[in-house]
Amino acid sequence: MISGQHGRPLACWRGKERHDGTILECLTVIFKTAGCTWNQCLMCGYRHERFTPAESIKGQELHLLSQLTWVQERHRPADYQMVKIFTSGSFFDRSEIPLPVMGKIAAAFRGKLVIAETRPEFVNSETITPFLEKIDDGSWAIPLYCAVGLETSDDRIREKCIRKGFSYNDFTGAARRAHTLGAGVKAYLLLKPLFLTEREAVDDMNSSIRDAVDDADLISMNPCTVQGHTELEWYWRQGAYRPPFLWSVLSVLNEAPVHITCDPVGAGRKRGPHNCGSCDRAIIQGIRDYSLNGDRDLIASLLEIECGCKEEWMYVLDQEMPFCMPLTQ
Ligand code: SF4
Ligand SMILES: [Zn+2]
């Protein structure tokens with residue numbers, strides 16, 4: 001659930017996650033912050049969720065701490081083992097989460113397995129080491145994973161279709177730094193950024209997974225969703241973008257050399273990954289089940305479901321023409 005009220009995080013919910021072959025209770029928190037310093041990705045709506053520019057640094061700190069208190073009052077530490085932390089930008093950007101607040105968040109989640117999302121440029125020893133030391137009580141071999149929205153291993157697609165503002169080398173550099181500091185690395189990959197055909201998107205995801213396994217300990221695939229107030233939404237409204245088919249999601253999971261987690265947001269809806277409407281439900285449930293049980297036979301059997309839209313998907317894979325961008329201006 002998304003909340004807009006002062007003192008509450010943007011969202012906070014409980015769920016389950018598979019880690020090292022076991023199922024953990026997981027708390028996910030999205031803190032509202034001063035916002036992403038990059039602030040330019042074409043598909044990102046979260047970047048608009050930020051404190052007003054007039055809010056003082058002290059006010060921002062208090063606002064962050066009251067969000068933490070809100071979480072602590074509603075979720076007992078004994079009820080979950082893993083915490084996934086997001087912000088409206090990067091958790092390890094000290095202009096979003098000042099060091100004293102980061103210390104309090106670390107203390108609140110001491111003993112948990114923490115996965116915190118950040119851009120690669122914020123993975124450094126000054127920030128990661130004190131946070132890691134505070135959460136680590138010896139319960140986990142790797143108590144912290146730095147989660148980076150790599151999106152794709154293709155620099156041209158990341159630049160032209162996402163406008164992400166960092167390179168694959170930036171990601172591998174951050175992964176090296178995280179590993180040296182004793183943290184793990186999670187990569188989020190985006191299925192079907194703007195301007196790609198369905199076939200290009202599937203091929204890009206297959207190669208991105210093969211590339212990312214060298215540097216990322218965990219990989220999660222996000223089938224693209226059309227968020228409000230984004231450039232992607234503008235193209236979608238003109239009929240120039242369709243979110244990926246769920247068939248594409250299944251085919252990628254089936255091809256992947258490692259277990260990929262996937263919780264398709266907005267699945268089955270026009271703005272989210274979808275098929276025809278009649279076969280969506282079973283496939284969405286199957287994708288969520290697979291994230292937890294890792295049962296590859298389940299994915300293979302879902303790909304065998306008979307539905308007229310599978311032919312449509314195969315036709316689209318075969319016939320859709322690439323978006324023609326001018327090579328020069
Ligand atoms: S996707 Fe991440 S890096 Fe890009 S604008 Fe959104 S919050 Fe910033
Ligand atoms: Zn169908």
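The values are calculated or read from the model by the stated rules, or taken from the named source; none is laboratory data. Please read all numbers here as calculations on a predicted model, not as lab measurements. As a convention, Cβ positions derive from the backbone with ideal geometry for all residues, glycine included, and neighbour counts pool all protein chains shown.
Table for the structure above
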{"read-out": "Single residue of 187, 175 found to be within 16 Å of ligand 1 (Cβ to nearest atom), among the hydrophobic types (A, V, I, L, M, F, W, C) and not in a loop (DSSP other than H, G, I, E, B)", "value": "187"}
{"read-out": "Some residue of segment 185-196 being farther than 22 Å from residue 116 by Cα, surrounded by 23 or more Cβ atoms within 10 Å (Cβ to Cβ) and either among the charged types (D, E, K, R) or without any contact (Cβ under 8 Å) to a residue 40 or more places away in the chain (or both)", "value": "yes"}
{"read-out": "Residue 56 being within 16 Å of ligand 1 (Cβ to nearest atom), at negative phi and either loosely packed, with under 15 Cβ neighbours inside 10 Å or among the small types (Gly, Ala, Ser) (or both)", "value": "no"}
{"read-out": "In segment 40-64, residue farthest from ligand 2 (Cβ to nearest atom) [restricted to those that are over 12 Å from residue 95 (Cβ atoms) and of a type in the set (S, T, N, Q)]", "value": "56"}
{"read-out": "Selection from segment 59-69 of residues that are surrounded by fewer than 18 Cβ atoms within 10 Å (Cβ to Cβ) and either modelled with pLDDT of 95 or more or under 30 Å from residue 271 (Cα atoms) (or both)", "value": "65, 66, 69"}
{"read-out": "Listing of helices (runs of 4 or more DSSP H) fully contained in segment 204-304 that carry 1 or more residues being closer than 28 Å to residue 321 by Cβ and aromatic (Phe, Trp, Tyr)", "value": "231-237, 246-255"}
{"read-out": "Flag for residue 33 being at pLDDT 90 or above and away from ligand 1 (no atom under 16 Å from the Cβ)", "value": "no"}
{"read-out": "Tally of residues being within 30 Å of residue 326 (Cβ to Cβ) and either modelled with pLDDT under 95 or not aromatic (Phe, Trp, Tyr) (or both) across segment 133-178", "value": "20"}
{"read-out": "Qualifying position, being within 16 Å of ligand 2 (Cβ to nearest atom) and surrounded by fewer than 21 Cβ atoms within 10 Å (Cβ to Cβ), among 228, 268", "value": "268"}
{"read-out": "In segment 296-329, residue nearest to ligand 2 (Cβ to nearest atom) [restricted to those that are exposed (fewer than 14 other Cβ atoms within 10 Å of the Cβ) and of a type in the set (A, V, I, L, M, F, W, C)]", "value": "314"}
{"read-out": "Residue within segment 106-116 that is under 21 Å from the mean Cα position of the chain (by Cα) and either among the acidic types (Asp, Glu) or under 15 Å from residue 188 (Cα atoms) (or both) present", "value": "yes"}
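Residue-wise test of (1) touching a residue at least 60 places away in the same chain (Cβ under 8 Å); (2) among the β-branched types (Val, Ile, Thr); (3) surrounded by fewer than 17 Cβ atoms within 10 Å (Cβ to Cβ); (4) closer than 24 Å to residue 46 by Cα.
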{"site": "73", "(1), (2), (3), (4)": "no, no, yes, no"}
{"site": "77", "(1), (2), (3), (4)": "no, no, yes, no"}
{"site": "81", "(1), (2), (3), (4)": "no, no, no, no"}
{"site": "84", "(1), (2), (3), (4)": "yes, no, no, yes"}
{"site": "87", "(1), (2), (3), (4)": "no, yes, no, yes"}
{"site": "92", "(1), (2), (3), (4)": "no, no, no, yes"}
{"site": "97", "(1), (2), (3), (4)": "yes, yes, no, yes"}
{"site": "110", "(1), (2), (3), (4)": "no, no, yes, no"}
